[in-house]
1. In region 2-25, what count of residues is obtained for those that are in contact with a strand residue (DSSP E or B) (Cβ under 8 Å, 6 or more places away or on another chain), more than 16 Å from residue 53 (Cα to Cα) and of a type in the set (A, V, I, L, M, F, W, C)?
2. Identify, please: which residue in region 115-133 is more than 20 Å from residue 145 (Cα to Cα) and among the aliphatic types (A, V, I, L, M) and is, among those, modelled with the lowest pLDDT?
3. Filter region 265-282 down to the residues that are assigned to a strand (DSSP E or B) and open to solvent by 50 Å² or more (accessible area, probe 1.4 Å) and list them by number.
4. Could you give every pair whose Cβ atoms fall below 9 Å, whose first residue belongs to region 265-284 and is among the charged types (D, E, K, R), and whose second residue is open to solvent by 40 Å² or more (accessible area, probe 1.4 Å) and not in a loop (DSSP other than H, G, I, E, B), counting only separations of at least 6 or pairs across chains?
5. For region 47-103, please list each of the strands (runs of 3 or more DSSP E) lying entirely inside it that holds at least 3 residues being closer than 21 Å to residue 114 by Cα and either open to solvent by less than 30 Å² (accessible area, probe 1.4 Å) or of a type in the set (A, V, I, L, M) (or both).
6. Taking residue 16 as the residue in question, decide whether it is aliphatic (A, V, I, L, M), free of Cβ contacts under 8 Å to residues at least 60 places away in the same chain and in a loop (DSSP other than H, G, I, E, B).
7. Tell me, yes or no, whether region 143-154 has at least one residue that is under 19 Å from residue 122 (Cα atoms) and either open to solvent by 10 Å² or more (accessible area, probe 1.4 Å) or assigned to a helix (DSSP H, G or I) (or both).
8. Considering region 31-43 alone, what residues qualify as being closer than 21 Å to residue 94 by Cα and either open to solvent by 30 Å² or more (accessible area, probe 1.4 Å) or touching a residue at least 40 places away in the same chain (Cβ under 8 Å) (or both)?
Amino acid sequence: MSILVGKETRVVVQGITGGAGSFHAKQMLEYGTQVVAGCTPTRGGEKFENKVPVFNTVAQAVKETGADTSCIFVPPPGAADAILEAFDAGCNLVICITEGIPVMDMIKVRRVIEGLPGRRLVGPNCPGVITPGACKIGIMPGHIHKPGNIGVVSRSGTLTYEAVGQLSALGIGQSSCVGIGGDPVGGMDFVDVLELFQADPDTHGVIMIGEIGGAAEERAAKFIKEKMNKPVTCFIAGTTAPPGKRMGHAGAIIAGGKGAAADKIAALQAAGAKIAPTPSDMGKTLQSMLK
C-alpha cells in the first residue's frame, strides 16, 4: 500500500513540451510511471517521445486517456490557472512543481480547493511525490529511493533527498515520500500527509522535515501528540536564522516574533517526536526509534 500515488496512477504532464517538463517527463517514463498524456496549448496532436499524446487542454487529455493526476511544469504567470484547469477537468490529485507563483494567485486557488472535497494539491514549489519502485511524479532523483516502510514528508526538496539517501544507505526503504513545498500558501500540509501515513499499514515510521516560518510544524505537533502511534523523527531547518531574515523558501521567515525553529522543536519534542540535531542525523535518529 502507498499514499497518494502508485502503479495504477495515470499522469498528465502540463507543460510537457517545455524544457523542464520534457526533461522530467522523460525521467518519469524511465522510472515506470504511467505518463499517459501531455498538455500544451497549440501543440495538440503531437507525440512526446513518439508515444505520449499531447493535447491542447487537460479536459481533452482526461477524456481521451483516463488521466487522474496532473503534474505541472507551467511557468509562474500561468501556473495557478493550470492548477484550476486540472481540477476542473477531473484530476483528483495535482502536483505543482512550479516555483514563483504569486501569493495572490495561490490564495484564489486555495479558496477553490476548499470547495472541492476529495481533491488534493501538492505544492507548488515542491519536488513532487514518489512511491519507490512504483511511481515517481516530480523532479526527485529516483535512483536514491528504496521500497520499504518509512514515510518522508518535507518542506524542503534538498533535505528530502538527504533523508532518503541516509535511509537507503542504512538499508531502510521508504513507503512514500512527499515534498509539500516551501511557499507560504500551498496545498497539503504536514497534518494532511501525516494522517495518510498514520492510516497506511505499510508505513511504520515517519521522517518529517520542517523549517522556520508559519505554524505548520506546531499544527503537526498537535496531531502527532493526539493521533499518531508511529515513531516520528523531525528535523527543523533554520535554527540560526535571525528574525526577519528569509531563508531560501518564500515561507521560511520568522515574522512578528513567530515561526522560530526553537518554538517548533519544543512543540514537537513535547508531542513525543525525536529531533535530529543536524541534517546528517535524520536517518540514524529514525533508526534509533525503530529498535
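1. Residues flagged as in contact with a strand residue (DSSP E or B) (Cβ under 8 Å, 6 or more places away or on another chain), more than 16 Å from residue 53 (Cα to Cα) and of a type in the set (A, V, I, L, M, F, W, C) within region 2-25 amount to 3.
2. Just the residues of region 115-133 that are more than 20 Å from residue 145 (Cα to Cα), to begin with: 115-121, 123-125.
Retained after the next criterion (residues that are among the aliphatic types (A, V, I, L, M)): 116, 121.
Values: 116: 88, 121: 97.
Among those that are more than 20 Å from residue 145 (Cα to Cα) and among the aliphatic types (A, V, I, L, M), it is 116.
3. Scanning region 265-282 gives a single hit, 274.
4. 274/288; 274/289
5. 69-72, 93-96
6. Judged against the criteria, residue 16 is a match.
7. No, that holds for no residue.
8. Start the filter on region 31-43 by keeping residues that are closer than 21 Å to residue 94 by Cα, which leaves 31-41.
31, 32, 33, 34, 41 - these are the residues of region 31-43 that are closer than 21 Å to residue 94 by Cα and either open to solvent by 30 Å² or more (accessible area, probe 1.4 Å) or touching a residue at least 40 places away in the same chain (Cβ under 8 Å) (or both).
The values are calculated or read from the model by the stated rules, or taken from the named source; none is laboratory data. Note that the structure is predicted; figures quoted are calculated from it, not measured. Cβ atoms come from the backbone with ideal geometry, glycine included; neighbour counts cover every protein chain shown. Side chains included, ligands, DNA and RNA excluded: accessible areas come from the protein's heavy atoms. Shrake-Rupley method; radii C 1.70, N 1.55, O 1.52, S 1.80 Å.
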